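A short write-up of the structure that comes next.
What follows is calculated from the coordinates using simple rules that are stated; it is not laboratory data. Please read these numbers as outputs of a predicted model, since none were measured by experiment. No Cβ is skipped: glycine too gets one built from the backbone with ideal geometry, and neighbour counts run over all protein chains shown.
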Amino acid sequence: MKGNIILIGFMGAGKSSIGSYWSEKKSRPLIDTDQLIEQEAGMSIPEIFKELGEERFREIESSVLEKLYEKADQTVISVGGGLPLREENRAVLARLGTVVFLRVKPETVLERLAGDTTRPLLQAENKGARIRQLLEIRNPVYEQAAHLVIDVDDKAPEQIIRELEAALQHDRKD
Ligand code: S3P
């Protein structure tokens, strides 16, 4: 297994912001798969969904992950919320490093993303219902894919980082 830290979890769980804190603290590079996808496609994520469709987005997502596997080590990697859904992607994640699931409640997601227009999958009439529906399907998948789980609701980034640090140390001793 490679020495990366990979943050997975639902949209709005804080993968990007926790990733950026962790990379600064540990002086490690930070990679965000959504950014790699946008670079590869030369379009924003909402544009990719609109112009090419979700299936194509998922194909680009998987190919970006494959390429990432070849070059990333000692890196903090934040992945899009839907990436662990494909079994082939979960297999790559497991070899890429320690997979940390940032678990979030639907109320927290709704509070954080109420006014967000950049997540195509959440542009529903009833955003709360949509979030609950997706979380119900995805949480078991995230749990299955993760080596470590951290609940993030009502916690400051510093606290999440402390818990992550303790969990990683504990993990290493085992
Ligand atoms: C998605 C999550 C998004 C982005 C795309 C699809 C998903 O990333 O990849 O909109 O299916 O959960 P974030 O989790 O970083 O918001």
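With θ set to phi - 60° and the Karplus curve 6.51 cos²θ - 1.76 cosθ + 1.60, what are the ³J(HN,Hα) couplings of the stretch 156-167 in order, to the nearest whole Hz, using x for Gly and Pro?
Here the 3J(HN,Hα) series is 6, x, 4, 5, 4, 4, 4, 5, 5, 4, 5, 5 Hz.
Subtracting the Cα-Cα distance from 0.36 nm times the residue separation, let me have the gained length for ASP171 to VAL149 in nm, one decimal.
Details: separation 22, 0.36 × 22 = 7.92 nm, distance 1.16 nm.
Result: 6.8 nm gained on full extension.
In the calculated pair distance distribution of the chain, what percentage of Cα-Cα distances lie above 23 Å? List each step's numbers first, then the result.
Details: 5677 of 15051 pairs.
Roughly 38 percent, rounded to a whole number.
When only DSSP loop residues count, what GluC sites (Glu not before Pro) in the stretch 101-156 have their Cβ near at most 16 other Cβ atoms within 10 Å? If you can, show how the numbers build up before the last one.
Numbers: sites: GLU107, GLU111, GLU125, GLU136, GLU143; in loops: GLU125.
Counting only loop positions with at most 16 other Cβ atoms within 10 Å, the GluC sites (Glu not before Pro) in the stretch 101-156 are GLU125.
For each pair in LYS26/LYS155; LYS127/LYS155; LYS67/LYS127, compute the distance between the two Cα atoms and list the pairs where it is over 32 Å.
Working: LYS26/LYS155 20 Å; LYS127/LYS155 23 Å; LYS67/LYS127 34 Å.
Table pairs above 32 Å Cα-Cα are LYS67/LYS127.
Can you work out ³J(HN,Hα) from phi for every residue in the stretch 145-151, in order, using Karplus 6.51 cos²θ - 1.76 cosθ + 1.60 and θ = phi - 60°, giving whole Hz and x for Gly and Pro?
So the J values, rounded to whole Hz, are 7, 8, 8, 9, 10, 10, 7.
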